[in-house]
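The values are calculated or read from the model by the stated rules, or taken from the named source; none is laboratory data. Computed from a predicted model, the values in this text were never measured in an experiment. Cβ atoms come from the backbone with ideal geometry, glycine included; neighbour counts cover every protein chain shown. SASA here: full protein model, heavy atoms, side chains in, ligands and nucleic acids out. Shrake-Rupley method; radii C 1.70, N 1.55, O 1.52, S 1.80 Å.
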Amino acid sequence: MSEMVKIWLAEMVHREIEQVNGTISNNCLWLHSSESSEEAEMFTANIASLEEYKTVLLQMQKKIEEGNFNV
């Protein structure tokens with residue numbers, strides 16, 4: 001993989017992590033203002049899924065930085 005592709009991938013993953021952090025933050029706010037247990041469960045599930053996605057993105061970011069990310 002060329003150095004330019006690595007730079008593009010790193011930037012793309014970085015932006016996605018920032019986006020996911022914002023979405024997690026929003027879901028936390030909405031969780032605290034939930035009007036029902038079903039609504040709270042939905043936001044809790046969203047947060048868990050987003051955290052899992054963020055973990056994968058962070059792993060990708062690390063591999064890109066180390067030069068070990070291959071497609």
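So, M12, is that one within 30 Å of V71 (Cβ to Cβ), open to solvent by 90 Å² or more (accessible area, probe 1.4 Å) and outside any helix (DSSP H, G or I) or not?
For M12, the condition - within 30 Å of V71 (Cβ to Cβ), open to solvent by 90 Å² or more (accessible area, probe 1.4 Å) and outside any helix (DSSP H, G or I) - is not met.
Can you pull out every residue in the range 1-28 that is among the aliphatic types (A, V, I, L, M) and under 17 Å from the mean Cα position of the chain (by Cα)?
L9, A10, M12, V13, I17, V20, I24
Which of the residues that make up the range 48-70 are closer than 24 Å to E3 by Cβ and in a helix (DSSP H, G or I)?
Residues satisfying the conditions are V56, L57, L58, Q59, M60, Q61, K62, K63, I64, E65, E66.
Being open to solvent by 70 Å² or more (accessible area, probe 1.4 Å) and aliphatic (A, V, I, L, M) is the filter here; which residues of the range 29-47 pass it?
Residues satisfying the conditions are L29, M42.
Inside the range 1-30, can you point out the residues that are under 12 Å from L50 (Cβ atoms) and touching a Phe, Trp or Tyr at 6+ places or on another chain (Cβ under 7 Å)?
Selection gives V20, N27.
Hey, L50 hits all of (1) touching a helix residue (DSSP H, G or I) at 6+ places or on another chain (Cβ under 9 Å); (2) open to solvent by 50 Å² or more (accessible area, probe 1.4 Å) but one; which does it fall short on?
(2)
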